[in-house]
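Q: Handing you this structure, nothing more for now.
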Amino acid sequence: MMTREGGAQPKEYLAKYQADRVRTVGGAWLGATLGCAECHDHKFDPFTMRDFYSLSAYFADIKQFGVYASYGYTPVEELKGWSNDHPFPPEIEVDSPYLKQRLQRTRARMIETAAQAWKDAVKTDSGRASIQSWIEQARAHLQAHPEGWLTPAHEAATRPAKEDKKAPPVQAAVQPDGSVLLETRAPQNTVITLKPGAARIAAIRLELLPHEFHRGIEMGAATNGLTLNPAFTIRQPGADKETPLAILHADAPEKQPRYSGTEEVIGIRGGWKTSVAFARAAQHSVWILDQAVELAEGGALILRLNNHSAGCLRVSISPVAPFLPLEKNWAAALPPLLDKALTSLEKTVHPRIATLWLMQSSQAPASARETWRALYHEALACRDGKAMTQVTVALAEPMPVRDLPRGNWMDESGALRPPAPPEFLTGPLKPDAPRQTRLDLARWLTSAENPLTARTFVNRLWKQFFGHGLSSAVDDLGAQGETPSHPELLDWLAVEFRESGWDVKRLVKLIVSSSTYRQAANTTPEKLAKDRDNSLLSRGPRFRMDAEMIRDYALAASGTLSPRMGGPGTYPYQPENVWEVVGMGTEKYAQDKGENLYRRTLYNFWKRMAPPASLDVFNAPSRETSCVRRDRTNTPLQALVVMNDVQFVEASRNLAQRVLASAEKDDARLDELALRLLCRPLKPAERQVLSASLADLQTHYAAHPEDAKALITVGETPPDAKLPAPALAAWTMVCNQVMNLDEVLNQ
């Protein structure tokens, strides 16, 4: 729980944070409704208000902010300038195995794409000629400019960027080093024109240089750095209009990070916010064009700085772009590689040369460049295999914790509380005892002195296998909970679990290998009359799976479930415009493509104001607070989801394709379908119903091929073109029928 909402009171939310932690510890490890002791002593259990705030004191050393923003009424120097897009601190950068593997795969595909494009090009005379021309031009440039950059001549006068403004031209002077000094105290909204002559432009370098003329002058946001939004265009000789230059990627070694959706924006394509030292030390940025352009003799390269501009700057160009803007000494490594490529065009080419040619040559195949461009952005998204993760930072001096009478966060009259477990379980603390830490809390939770943790965990695990705990109120083992149906069994399992060294795997094996679990789930009227909810364990478990398991089961049966683990959240199928009403700046839901549509539901992105609709229907809980016990309902909407949701219809079609490929005869195919979904053979009555349904559906879709085509094209995966559409559609519906059986949706 965190907030940066305007108007929120820091002390109020610090109280909310500590209460949430105590409730979570109580529900997860003690099976207790500790929240009832926030305002007064618990009415039914021996937890006191003292216990509540003593438990919260264990977390008083966590570095946190009541409101994660620096507003006028809540000034926080550490968060000054932070917006809603900034991440919630503290964070650290860590290596991400998922991102490293993804980056490695993406780079391999980039190299493969460039190499194949080169190989195809050298097969034709025109392709070889274009490659030779590109290499020779690159060699000539690098021979004349070993560092890779050429500073063209600038027009000595600049003009306002907005022509409708009644502003005089900005006076400028070209310096001996090729830079342009804007001779005004606060230069803004300027246009600079460069005349490089006939040239190919693949990359542009923009340097901001300190100069005595502007030293000590506050220029725009000088105390916070400048925010520049350069726009580059070209004007060919004789042309009336300028042509904008699209940017593939841009970055700067000296910059202030920008954020979007709590993630740092990659590069500076959307704007360059310089460091605050821009007026004292040179800074530069490199802008790689989306596609190199050929500028004819007499043409112009035009730079617009539509926001605050620096007082002295230099613009350089290169016909050979670095692979990444921040790459160092990139030009020095190219000449020998270019020489070797020129002498052995049709032999193996160095991946770097093939990549640069595909990036920059206007003669390179457009389709290959488009594929490579998409892979380039995918590689950038891997952030060099690094990821940011939130961490807990301990304060040197813990914050004081007081009892809050009636839970009133403004009342500071309550007694100060040191960290301590519930007093009725451990007795009062000794006066001279050292202050306890969260490590002490963890040790107490798993100690023999605490009888609650083992019982709570065992009861919750029992619920996972039987649909209900030995005490059905898994979130409350107190006086207001349910008396365990088998108290001796609960005690024995809890002691076994604790004395085994908290071995969860052993406990699972113990439960699933028991004769109780291995009973048949069949029931009789007599059993139902005596044990309707199976609390007496008169039969094997049978209950509806959780929302996430239902979706994963459908994907697994269809053969499309991705086994990949880890990585960022995914965006599977959702109803159209599902975020529009509650977007708050994120109105558009951008559905994923490819493998991400079929990853485990665990990885689904979860928007608090608009949780995934299909999961919500199957009682997936809110993630605003911890949830120990889910509701389990049975509604018509759930059947409609399995029948009509894109994910389930597509899974049914993919399952149908596997069934059709498994055998030639329909009876054998029905056996395969039953094995995949029911894990047992069909009964004669079931086979008869499914056979009749299949015959009716085959007749319908044979007469309505357009309906068949519409059905089998639902979802992103293409249907098997070898299978007749009417047959595939009929089997899709049969698979969907079986998928909707209670036996499939229950475990």
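Each reported figure results from applying straightforward, stated rules to the coordinates on display, with no laboratory input. Keep in mind that this is a model prediction, so the values were computed, not measured. For neighbour counting, all protein chains shown are included, and Cβ atoms are generated from backbone atoms with ideal geometry for every residue, glycine included.
Q: Using a cut-off of 15 Å between beta-carbons, work out the net charge of the residues near G583 (Lys and Arg +1, Asp and Glu -1, G583 not included). If you can, show how the numbers build up before the last one.
A: Values: positive: K588, K607, R608; negative: D85, E576, E580, E587.
That sum, taken over residues with Cβ under 15 Å, equals -1.
Q: So, one more: Under 14 Å from the Cβ of D120, count the other residues' Cβ atoms, weight Lys and Arg +1, Asp and Glu -1, and hand me the total. Don't skip to the answer; put the middle values down first.
A: On the way: positive: K119, K123, R128, R369; negative: E112, D125, E346.
That works out to +1.
Q: By the scheme Lys and Arg +1, Asp and Glu -1, what is the net charge of all other residues having a beta-carbon under 15 Å from that of R443? Let's see the in-between values first.
A: Working: positive: R435, R438, R498; negative: D440, E449.
Taking every Cβ under 15 Å from that of R443, the sum is +1.
Q: Using Cα positions and a limit of under 12 Å, work out the aspartates and glutamates in reach of K195, with same-chain residues fewer than 8 apart set aside.
A: Straight-distance partners of K195: E155, E297.
Q: Set the Förster radius R0 to 60 Å, insert the Cβ-Cβ distance between D384 and H704 as r into 1/(1 + (r/R0)^6), and round the FRET efficiency to 0.05.
A: Values: r = 53 Å, r/R0 = 0.89.
Plugging the Cβ-Cβ distance into 1/(1 + (r/R0)^6) gives 0.65.
Q: A further question on this structure: Need the full-extension length gain, R402 to K11, defined as separation in residues times 0.36 nm minus the C-alpha distance. One decimal, nm.
A: Details: separation 391, 0.36 × 391 = 140.76 nm, distance 1.22 nm.
Taking 0.36 nm per residue and subtracting the Cα distance, the gain is 139.5 nm.
Q: Ranking request for peptides 464-471, 576-583: highest mean number of other beta-carbon atoms within 10 Å first, then the rest in descending order. If you can, show how the numbers build up before the last one.
A: On the way: 464-471: 20.2, 576-583: 12.4.
Order by mean packing, descending: 464-471, 576-583.
Q: May I ask for the angle, rounded to the nearest 10°, between helix 452-466 and the longest principal axis of the chain, with both axes built from Cα atoms and the value confined to 0 to 90°?
A: The angle comes out at about 90 degrees.
Q: Hey, another quick one. Taking the 0 to 90 degree range and rounding to the nearest ten, how far is the long axis of helix 10-25 tilted relative to the main principal axis of the chain, both from C-alpha atoms?
A: Rounded to the nearest ten degrees, it is 50.
Q: So, one more: Is the chain rounded, prolate or oblate when judged by the Cα gyration tensor, a ≥ b ≥ c being the square roots of its eigenvalues, rounded requiring a/c under 1.5 and prolate requiring a/b larger than b/c?
A: Values: a/c = 2.72, a/b = 1.40, b/c = 1.94.
It is oblate, given that a/c is not under 1.5 and a/b is not larger than b/c.
Q: What ranking do 472-485, 119-132 get when scored by the average of other Cβ atoms within 10 Å per residue, highest first?
A: Details: 472-485: 18.3, 119-132: 14.4.
Highest mean packing first, the order is 472-485, 119-132.
Q: Also: Answer rounded, prolate or oblate for the stretch 544-747, using the Cα gyration tensor with square roots of eigenvalues a ≥ b ≥ c: rounded when a/c is under 1.5, else prolate when a/b is larger than b/c, else oblate. Please list the in-between numbers first.
A: Numbers: a/c = 2.04, a/b = 1.58, b/c = 1.29.
Taking the square roots of the gyration eigenvalues as a ≥ b ≥ c, the stretch 544-747 is prolate.
Q: Same structure, new question: Going by alpha carbons, how many degrees (0 to 90, nearest 10) lie between the helix axis of 646-662 and the longest principal axis of the chain?
A: Once rounded, one gets 80 degrees.
Q: Here's a follow-up. Rounded to the nearest 0.05, what FRET efficiency do M2 and D616 have when you use their Cβ-Cβ distance and R0 = 22 Å? If you can, show how the numbers build up before the last one.
A: On the way: r = 23 Å, r/R0 = 1.06.
With R0 = 22 Å, the Cβ-Cβ based efficiency is 0.40.
Q: Quick one: what are the phi-derived ³J(HN,Hα) couplings along the stretch 614-631, Karplus 6.51/-1.76/1.60 with θ = phi - 60°, whole Hz, x for glycine and proline?
A: 5, 6, 4, 4, 8, 6, 4, x, 5, 9, 6, 9, 5, 10, 8, 10, 8, 6
Q: Expressed as a whole number of Å, what is the distance separating the alpha-carbon centroids of the stretch 505-519 and the stretch 1-59?
A: Spelled out, the Cα-based centre of one part sits 36 Å from the other.
Q: On a straight-distance basis, which lysines could pair with K340 in a cross-link, Cα separation under 17 angstrom, same-chain partners fewer than 8 positions away excluded?
A: Candidates past the 8-residue exclusion: K119.
Q: What distance in nm separates the simple spin-label points at K588 and A663, each placed 7 Å from Cα in the Cβ direction?
A: 4.9 nm
Q: Tell me, what is the FRET efficiency for V512 and T635 to the nearest 0.05, using R0 = 25 angstrom and their Cβ-Cβ distance as r?
A: On the way: r = 30 Å, r/R0 = 1.20.
So, using R0 = 25 Å, E works out to roughly 0.25.
Q: For the stretch 451-537, rounded, prolate or oblate, judged on the Cα gyration tensor with a ≥ b ≥ c (square roots of eigenvalues), a/c < 1.5 rounded, else prolate if a/b > b/c?
A: On the way: a/c = 2.54, a/b = 1.36, b/c = 1.87.
Because a/c hits 1.5 or more and a/b fails to exceed b/c, the stretch 451-537 counts as oblate.
Q: Shifting gears a bit: Under 17 Å from a point placed 7 Å out from the Cα of V495 along the Cα-to-Cβ direction: which residues of the stretch 449-488 have their backbone N that close?
A: Taking a point 7 Å out along Cα→Cβ of V495, the residues of the stretch 449-488 whose backbone N falls under 17 Å are 449-456, 458-459, 486-488.
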